[in-house]
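Colleague: Attaching a single structure in structure tokens format; questions to follow.
The values are calculated or read from the model by the stated rules, or taken from the named source; none is laboratory data. On a predicted model such as this, the values are computed, not experimentally measured, just so you know. Here Cβ is always computed from backbone atoms with ideal geometry, including for glycine, and neighbour counts include all displayed protein chains.
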Amino acid sequence: MLPHAYVEANLARHAAPCLAGIKPANLVSFPSADIQWCDTYNAILNEQGIYFTPLCVCENRAQILVYRKDLLARLCFQPSVTMVLQSFGYRPESGLEAIIMRLKDRMSVLRGARNRHCRDSFPHEIGFFLGYPADDVMQYVKTGGRNCLLCGYWKVYSNPEKALQVFHQYTECKERFALQIKSGMTIFEIVCAA
């Protein structure tokens, strides 16, 4: 099993905005040899509405979707997002769990088509799940990731000033979580104290 400190530090570094409730989801990469820690964290944090779901488990790495169920559901069921997700074969009327399973399936299909490496298996619509602005996700799909105005936590095609504010908010959150973990707090203590 992965050392507890490694999991905590990695979650603080890569999932703090979701854990803090300012983002619906984060995608975090861990060694695939042992991801049973997800079960432990689910047992502790599902009561807080936070879930850990392996989306893609490859030979060496696993991509874990860390999400706040209420925020992700609210986002996925917005009419504009629902319409786009349907165009990618999602069935929002089936519920959030079915949507997440479809994302998992899409990642598996892409992984199989791209030499089984997790880093290559991201369907473009994952940006919606991660809380990226819909306009930016759609422009990314349309342009293939080219000609963005700004690149940070995502590629920005509209409203770069707002994106910079969000980038700053995410970075501050991650730094705060990292300091709290370094001081001896656990993810559970940080989340419950918020």
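Colleague: Taking helices (runs of 4 or more DSSP H) that fall entirely within the range 126-194, which contain at least 1 residues that are among the charged types (D, E, K, R) and over 23 Å from Gly21 (Cβ atoms)?
Modeller: Passing ranges, in order: 134-143, 160-182.
Colleague: Which of the residues that make up the range 141-158 are more than 17 Å from the chain's Cα centre (by Cα) and within 25 Å of Ile100 (Cα to Cα)?
Modeller: The answer is Val141, Lys142, Gly144, Gly145, Val156.
Colleague: Which one is surrounded by the fewest Cβ atoms within 10 Å (Cβ to Cβ), of the residues in the range 149-182 that are in contact with a strand residue (DSSP E or B) (Cβ under 9 Å, 6 or more places away or on another chain) and either modelled with pLDDT under 95 or within 14 Å of Val137 (Cβ to Cβ) (or both)?
Modeller: Tyr157
Colleague: In this structure, does Glu59 turn out to be under 28 Å from Asp34 (Cα atoms) and either in contact (Cβ under 8 Å) with a residue 24 or more places away in the chain or among the charged types (D, E, K, R) (or both)?
Modeller: yes
Colleague: Which condition from (1) farther than 21 Å from Val191 by Cβ; (2) free of Cβ contacts under 8 Å to residues at least 12 places away in the same chain is the one that Glu172 breaks?
Modeller: Of (1) farther than 21 Å from Val191 by Cβ; (2) free of Cβ contacts under 8 Å to residues at least 12 places away in the same chain, only one is false for Glu172: (1).
Colleague: Taking the range 1-56 only, how many residues are out of contact with any Gly (no Cβ under 7 Å at 6 or more places or on another chain), among the aliphatic types (A, V, I, L, M) and within 26 Å of Arg74 (Cβ to Cβ)?
Modeller: Residues in the range 1-56 being out of contact with any Gly (no Cβ under 7 Å at 6 or more places or on another chain), among the aliphatic types (A, V, I, L, M) and within 26 Å of Arg74 (Cβ to Cβ): 14 in total.
Colleague: Just one of (1) of a type in the set (S, T, N, Q); (2) surrounded by 20 or more Cβ atoms within 10 Å (Cβ to Cβ); (3) closer than 25 Å to Ala193 by Cα trips up Gln63, so point out which.
Modeller: Against the list (1) of a type in the set (S, T, N, Q); (2) surrounded by 20 or more Cβ atoms within 10 Å (Cβ to Cβ); (3) closer than 25 Å to Ala193 by Cα, Gln63 comes up short only on (3).
Colleague: For the range 1-59, give me the residue count where each residue is closer than 15 Å to Gln180 by Cβ and assigned to a strand (DSSP E or B).
Modeller: Result for the range 1-59: 0.
Colleague: Then there is this: Considering only residues that are polar (S, T, N, Q), closer than 23 Å to Phe52 by Cα and without any contact (Cβ under 8 Å) to a residue 12 or more places away in the chain, look in the range 79-109 and name the one that is surrounded by the most Cβ atoms within 10 Å (Cβ to Cβ).
Modeller: Here the answer is Thr82.
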